Amino acid sequence: MRKLVLAASALAFAAPLAAQTYPDPRDEEIVRSLPAPGEVEELGDRVGAVAEAILDTPVGPLREAVEGRRLDRREREETLGDVASRDDPYARERVRDEVAAATAGLGAAVEQFAVVAPVLRRSIEDAARRMEDAIEHRRGRRYDDRYDPRD
């Protein structure tokens, strides 16, 4: 009796493995086309460098034109970062932190998309197949043989 219980248990565990479909090569292609974590970090570094460059942009000449007066030398050499730091002494650090957080969020999103992409692809294909079948049925034809409600 114990052998029968063990055999039944082994079959119960093996059934889901046998029912699984093999990976679709298109899913691997989708995942390969996503940016690698290193590429996402590099993109974050570039965005950080752009943000730093923007903060280093001189705004003195612009202030002179807007205010219609000649600024002293210190005011003329002010940058956007200097102006932003007046009310917030940690403005530069805050910008760096926000870029880093956005980069980390983007990296996490790419990782999650790599997991969801195969399911999303199959769902879209199934929806397209069902729409085609509905159109064919509306024209008076039978449902497409490709439709399998078990998918």
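Bear in mind these aren't lab numbers, they're just calculated from the coordinates by the rules spelled out. Being a predicted model, the structure only gives us computed values, none of them experimental. Glycine also receives a Cβ, built like all others from the backbone with ideal geometry; neighbour counts cover every protein chain displayed.
Summary of computed values
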quantity	calculated
Positive-end extreme of charge dipole, region 24-138 - chosen from Gly60, Ala104, Ile135 (charges on Cβ)	Gly60
Amide hydrogen neighbours beyond the local backbone of Thr79, cut-off 5 Å, H modeled	Val59
Derived scalar couplings ³J(HN,Hα) [region 73-87; Karplus, 6.51 cos²θ - 1.76 cosθ + 1.60; whole Hz; x for Gly, Pro]	4, 4, 5, 5, 8, 5, 10, 4, x, 5, 5, 5, 7, 4, 8
Difference of contour (0.36 nm per residue) and Cα-Cα distance, Arg69 to Leu106	8.8 nm
For region 24-138, Kirkwood radius (reciprocal of mean inverse C-alpha pair distance, Å)	18.4
Residues of region 91-116 with amide N under 19 Å of a point placed 7 Å along Cα→Cβ from Leu80	91-103
Sites Asp56 and Ala36 - FRET efficiency at Förster radius 30 Å, r taken between beta-carbons, to 0.05	0.50
Backbone N under 15 Å from the Arg96 label point (7 Å along Cα→Cβ), restricted to region 37-74	45-56
Segment Glu125-Asp87, length gained on full extension (0.36 nm per residue, minus Cα span)	8.4 nm
